[in-house]
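The block underneath contains the structure these notes are about, expressed in structure tokens.
The values are calculated or read from the model by the stated rules, or taken from the named source; none is laboratory data. As the structure is a prediction and not an experimental result, all values here were calculated from the model. All Cβ positions, even for glycine, are placed from backbone atoms using ideal geometry, and neighbour counts span all protein chains on display.
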Amino acid sequence: MLAATSAVVGVIWDISWHRTIGRDTFWTPAHLAIYLGGALAGAACGWLVLQTTFAGTAEEKAAAVTFWGFRGPLGAWVAIWGAIAMLASGPFDNWWHNAYGLDVKVLSPPHVILALGFTGIQLGALFLVQSLQNRAGEAGRRATGLLFAFGAGILVQNIAIIGIEQIAFPNSAHNGLYYKVAGAAFPLVLIAVARASRLKWAATTAAAAYMAISLVMIWVLQLFPATPKLAPVFNPVTHMVAPPFPLLLVVPAAALDILVQGWGPGRDWRLALFGGVTFLAVFFVTQWFFAEFLLTPYARNFWFGVDQWDYSSRVREWRYQFWRIGADPVTPAKLGIAAILAICSARIGLWWGNWMAGLRR
């Protein structure tokens, strides 16, 4: 879990580095934090596999998955493959920049491999904690439940990072794509956590963990002075550019927790229907009005960190306006599509949550 945290902190830091300083040497502190996560996860889980294979108790071997004659928990294998993908993405990314120059999008081919790698590490950590939670007695379930929710919060952070161009900035909160992406992505993780965890407010805790990680990064990054090193510089920033203010997912997550607790096991298709629609309705109302606040002068301060744009931005009045509301307005039809996507996402999340609820290896 420490490796998963290091990786996601490094990714947020690296995006800020690119937005503030530009493409720099491979050996930036942000890159080191990312790849420390990969190395730490690979070493820890590799040791766990070797220890289980050659010195594990009968109980540990029974709770392990065999691969190529080696034994280890499922989560360890997932994290090992994630670490391999992460470490392989490093030289690939360096070569990509040397061959093709700067990235114009977040999801370049080496970044996709990197994203798959650190997602593998985060899923591996989540599976390890979940299997411990399922085997633990009542005394240990609260601690593992909190750790499980924190790991899920990191996964939610991943979704926000990958969707940064569609859902991260409050300026997008009044266009149709914003709600389609949110409806398709977030219910999957949140309702899966609510179903699998023994913690009562698991989805809410996961959303709070995502928000806490985001806020800490916003507040810490702004404290460090930095200047661009790559021309052209249209916006002469003087400090690290903070990420956008996080989505208020704690509100729809709490609604999902209430639904899952009241619904109980079974009737998952109906729960997916009500869960998806409920998530989208609560998210829509929450973000629509909160985004309006974030574009007002009241939010242009250190605590919200939203009035900061990267050095390549030609800063004008568009900073405080909603984007693409003419080309992609929010209509009942588009909200209907977003609701269908949220229902499908919730149903997949319930399948995943049911599987994790029985995970013991």
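When you go through 209, 226 one by one, which is the residue that is small (Gly, Ala, Ser) and touching a Gly at 6+ places or on another chain (Cβ under 8 Å)? Answer to the check: 209. Checking 288, 309 one by one, the residue that is in the same structural domain as residue 185 (by TED's automatic domain parsing) and either without any contact (Cβ under 8 Å) to a residue 12 or more places away in the chain or assigned to a loop (DSSP other than H, G, I, E, B) (or both) is 309 and no other. At negative phi and assigned to a helix (DSSP H, G or I), is that true of residue 314? Judged against the criteria, residue 314 is not a match.
Where helices (runs of 4 or more DSSP H) fall entirely within the stretch 1-89, those with at least 2 residues that are at pLDDT 85 or above and touching a strand residue (DSSP E or B) at 6+ places or on another chain (Cβ under 8 Å) are at 29-55.
Of all the listed residues (318, 352), the sole one being modelled with pLDDT under 90 and either surrounded by 16 or more Cβ atoms within 10 Å (Cβ to Cβ) or assigned by TED's automatic domain parsing to the domain that holds residue 308 (or both) is 318.
Checking 218, 191, 213 one by one, the residue that is within 14 Å of residue 248 (Cα to Cα), aliphatic (A, V, I, L, M) and touching a residue at least 60 places away in the same chain (Cβ under 8 Å) is 213 and no other.
Residue-by-condition table, conditions (1) more than 16 Å from residue 190 (Cα to Cα); (2) part of a loop (DSSP other than H, G, I, E, B); (3) modelled with pLDDT of 95 or more:
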{"residue": "209", "(1), (2), (3)": "no, no, yes"}
{"residue": "223", "(1), (2), (3)": "yes, yes, no"}
{"residue": "237", "(1), (2), (3)": "yes, yes, no"}
{"residue": "253", "(1), (2), (3)": "no, no, yes"}
{"residue": "260", "(1), (2), (3)": "no, no, no"}
{"residue": "301", "(1), (2), (3)": "yes, yes, no"}
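Any idea which residue in the stretch 10-39 is surrounded by the fewest Cβ atoms within 10 Å (Cβ to Cβ), counting only those that are among the hydrophobic types (A, V, I, L, M, F, W, C) and farther than 18 Å from residue 158 by Cβ? Ranking the candidates gives 27 first.
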